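See structure below.
Nothing in this text is a laboratory measurement; each read-out follows from the coordinates by a stated rule. Computed from a prediction, not measured in an experiment: that's the story for all the values here. Here Cβ is always computed from backbone atoms with ideal geometry, including for glycine, and neighbour counts include all displayed protein chains.
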Amino acid sequence: MIAQDDKKAWVERSIITKFRKTIWAPFLEALRIYKLVSEGDKIAVCISGGKDSMLLAKLFQELKRHSEVEFGVEYICMDPGYNEENAKKIEYNAALLGVPIKFFKSDVFEAASIVGGESPCYMCARMRRGYLYARAHELGCNKIALGHHRSDVIETTLMGMFYGGQIQGMMPRIRSANFQGMELIRPMYCISEEDIAHWRDYNGLEFIACACSFTARLQQNGQGRSVRQEMKELVKELKKRNPDVEKSIFKSIHNVQLDTLPGYKTGQTRHSFLERFED
């Protein structure tokens, strides 16, 4: 059995060796092309306890060791109402991987299940973000980092097209509307979920999945198949015919040809291709 210190070193080494091409390089690429980390930043890495956020924490630890850019970092985890088993799992993994997490509590799970109506997951995400911004602000941070990855970006784009009647993506960097001077960044924007899962399994790690009791009840009643899960399954099927379909969709959102579309929106303003004929 690998000792805890050896396990931590093994996991860290795997990021910049075994997974250098699929995880470390795309992480650095996102930082560079989207300008996510700047000199003097203090970043709150937000940890939910799942594979994505725990990898994000390890990536920032590696970045802190190797980067010439001076920045500060805090690792925060909001307990939105985890059961005892999940809370202990997060604490265990944080100790195993050497991530100095600062925990704080909220009642997000309970509140979202009451006021979220038919969209408790959406409400939960919004409420979580507000609490994370507030805690990060208390710690003197100017940015919060979330563990959304390339697969999340693709699924969000498809959900907007198939269920929202719009082409809408997930941005790598957003200014906060409620906390002046603060931003949200997504440093794993260019990393696929499949590669994150490979990293987890290669290192023999186990993380919590969605820890929401409301979601668990839906799944027990056979109602837990979300729209996002539908998109995951769709992409999986498409990959059987075209293994590069995820890369193609991801590239497409960076190459939108507005002059080939009959209409588009910027903010709340609608534009029509007919505007080009009015000059």
Surpassing 22 Å at the alpha-carbon level, of the pairs Lys42/Lys89; Lys18/Lys64; Lys42/Lys232; Lys7/Lys64, are Lys42/Lys89; Lys42/Lys232
So the angle from the long Cα axis of helix 4-16 to the longest Cα principal axis of the chain, reported in degrees to the nearest 10, equals 30
If one builds a Gaussian network model of the chain from Cα atoms under 10 Å apart, the most fluctuating residue listed among Phe179, Phe207, Phe60 is Phe179
Mean-square fluctuation maximum in Gaussian network of the chain, Cα pairs under 10 Å, restricted to Arg135, Arg65, Arg13, hits Arg65
With -39,500 (n - 2.57) per DSSP H segment of 4 or more residues and division by the full residue count of the chain, the 222 nm estimate, nearest 500 deg cm²/dmol, is -15000 deg cm²/dmol
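Tell me whether segment 22-66 comes out rounded, prolate or oblate; compute the Cα gyration tensor, take square roots of the eigenvalues as a ≥ b ≥ c, and use a/c under 1.5 as the rounded threshold. Intermediate results must be reported in sequence, preceding the final value.
Details: a/c = 1.73, a/b = 1.25, b/c = 1.38.
Oblate is the answer for segment 22-66, as a/c is 1.5 or above yet b/c matches or exceeds a/b.
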Candidates Lys239, Lys18, Lys58; GNM for the chain (alpha-carbon contacts under 10 Å) flags as most fluctuating Lys239
Taking a crude spin-label model, label points 7 Å out from Cα along the C-beta direction, the Arg32 to Ala95 distance in nm is 4.0
Segment 128-172 and segment 230-279 have their Cα centres apart by a whole-number Å value of 18
Residue span Leu205 to Ser252: 0.36 nm per residue of separation minus Cα-Cα distance leaves a gain in nm of 13.6 nm
Tilt, helix 227-241 to longest principal axis of the chain (alpha-carbon atoms), in degrees rounded to tens, equals 80
Labelled set (i) 57, 48, 30; (ii) 90, 48, 36; (iii) 69, 48, 46; Cα extents along the principal axes in Å computed from this model equals the value at (iii)
